[in-house]
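Below is one structure; the comments refer to it alone.
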Protein chains: 2
Amino acid sequence: MSINHAILGLLSWKPCTGYDLKKFFEGSTLMHWSGNNNQIYKALVQLSAEGLVTSETLHQEGAPSKKLYHLTKEGQQALRKWVLGDIELPEFKKPFLVQLAWADQLEDQELLNLIQRYEDELEVGLRTVQEQMRRNSDVPARTSREKLLWEMMRDSLITSYHNELDWVSRVRKNLLNLKENPHEPSGD
Amino acid sequence: MSINHAILGLLSWKPCTGYDLKKFFEGSTLMHWSGNNNQIYKALVQLSAEGLVTSETLHQEGAPSKKLYHLTKEGQQALRKWVLGDIELPEFKKPFLVQLAWADQLEDQELLNLIQRYEDELEVGLRTVQEQMRRNSDVPARTSREKLLWEMMRDSLITSYHNELDWVSRVRKNLLNLKENPHEPSGD
DNA sequence: CGACTCATGTAATATGTTACATGATTAA
DNA sequence: TTAATCATGTAACATATTACATGAGTCG
């Protein structure tokens, strides 16, 4: 799984410039690359060298020239092979858990504040991705099946945030319960 | 958020050698570092240079010498400061979504097989982390509150897997529904 | 006898981020 | 006039993975 595959995918949807790809990755949390130039322009050079993409230079008036990249037949085959190939498990990377792990040195109120801050940031994050999806609504939907797949991808991210918020509220509930009934089993 | 903070945390629990830390990270999906030597031994040198940890060399008979690292007062302060500091949002990195994004080129059955494979791998992954948690049960539990925090950390990972499995079954259900009632709204 | 554990380290490589560099056009 | 958009690229750095190197002891 590298950004090269994601780029092949996007080019299978429509021809793009490096700048188009950059903007797409910047505006998409689902495809977890940040959209930095270094990676994208290097990847395009590499994919060209492998014959998976070709580029055509378009000269524009009043704007810089651009290189429009197209997927080749070999690129289409490589994409299909990759889609049917190895599956990677998701990575649940939650740095806040590492913070919580050593939070027993805090006062009760400090700990509750920390959890509150996490909840607040999650809510901001959720609104940000929802806003991002509303803004960036030009996504593949060439068939009703493809439309469904992209809806489910968005659903995956949104429900991940909701699940995380649910978890935070369980943590808070359990901490308050422990405070009120020290050393009693919580009943969950 | 770097591995240095996680190491300070572990040393606040008990003194460790580089090897201990390596084993801990290897056996813990929650702390998302793989436990490779390069990072750990470099981090320990760095933390020493900053005065956040000290080391004592223990010579053993019939086994290689080892360096036992202890947290200093400055290290304890740095840890507390970090725990109360900036919070990072979780990263929901799901490479399978990128594969699904371009899966509309597949036949219905190929797509269902791909989804089935993902579900199977998720179930293996879930069993693996459950097994890992059973094996690696020596975790901080110095107070009932700390015990609760570590339980909630484990809960976070396990429910993330369950949520992902739920999502996969929704995807399958929606795809089958679409196949049976093409172009009809799904009712969800 | 071969593989694994304990134990510390280095080298090469891959991946990803931030910032720099250039330069025209457009909108606040 | 300051910032943003369009557009391509490079440099420096941070982070992470795999493999290499050494060497004693133990388990099957």
> For the stretch B:16-119, what D do you get in µm² per second when you plug the Kirkwood radius from alpha-carbon pairs into Stokes-Einstein at 4 °C and 1.567 mPa s?
Replying inline: 73 µm²/s
> What is the sum of charges around B:Thr17, taking Lys and Arg as +1, Asp and Glu as -1, for the other residues whose C-beta is under 12 Å from the C-beta of B:Thr17?
Replying inline: +3
> Which of these, B:Leu21, B:Leu112, B:Leu44, has the largest mean-square fluctuation under a Gaussian network model of chain B (Cα springs below 10 Å)?
Replying inline: B:Leu112
>> Among B:Leu68, B:Leu114, B:Leu84, which one shows the highest mean-square fluctuation when chain B is modelled as a Gaussian network with alpha-carbon springs under 10 Å?
In response: B:Leu84
> Could you state the number of Å between the C-alpha centres of the stretch B:118-188 and the stretch A:149-168?
Replying inline: 12 Å
>> Nearest 100 Å² is fine: what is the total accessible surface buried where chains B and A meet, probe 1.4 Å?
In response: 7400 Å²
> Given the pairs A:Lys179/B:Lys147; B:Lys23/B:Lys66; A:Lys23/A:Lys81; A:Lys173/B:Lys81; A:Lys94/B:Lys73, which span a C-alpha to C-alpha distance of over 18 angstrom in this model?
Replying inline: A:Lys23/A:Lys81; A:Lys173/B:Lys81; A:Lys94/B:Lys73
> Taking the label point as lying 7 angstrom from Cα along the Cα-to-Cβ axis, what are the distances from B:Asn38 to the corresponding position in the remaining copies, in ascending order and in nanometres?
Replying inline: 1.5
>> Please report the equivalent ellipsoid semi-axes of chain B, computed as sqrt(5 x eigenvalue) of the Cα gyration tensor, largest first, in whole Å.
In response: 44, 18, 16
>> Are there any trypsin sites (Lys or Arg not before Pro) in the stretch B:86-175 that are in a DSSP loop and have at most 12 other Cβ atoms within 10 Å? List them by number.
In response: B:Arg142
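Let me know the shape class of the stretch B:95-180, please: from the alpha-carbon gyration tensor, a ≥ b ≥ c as square roots of the eigenvalues, rounded when a/c is under 1.5, otherwise prolate if a/b is greater than b/c, or oblate.
Prolate shape, in that a/c is at least 1.5 and a/b is the bigger ratio.
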> Along the axis that rotates chain B into chain A, which residue of chain B has the nearest beta-carbon, and what is the gap in whole Å?
Replying inline: B:Asn163, 2
> Who wins for biggest fluctuation among B:Gly18, B:Gly85, B:Gly35 in a Gaussian network model of chain B, springs between alpha carbons below 10 Å?
Replying inline: B:Gly85
> Cα convex hull of the protein assembly as shown: how many Å³ per residue?
Replying inline: 195 Å³
>> Accessible area per residue for chain A in Å², computed with a 1.4 Å probe and the full protein assembly in place, what is it?
In response: 51 Å²
> With the contact rule set at Cα under 8 Å and sequence spacing of 6 or more, what percent relative contact order holds for the stretch A:1-140?
Replying inline: 24 percent
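The values are calculated or read from the model by the stated rules, or taken from the named source; none is laboratory data. These numbers were taken from a predicted model, which means no experiment stands behind them. When we count neighbours, we look across all protein chains shown, and the Cβ atoms used for this are built from the backbone with ideal geometry, even at glycine. What goes into the accessible areas is simple: the full protein's heavy atoms, side chains included, and nothing from ligands, DNA or RNA. Shrake-Rupley method; radii C 1.70, N 1.55, O 1.52, S 1.80 Å.
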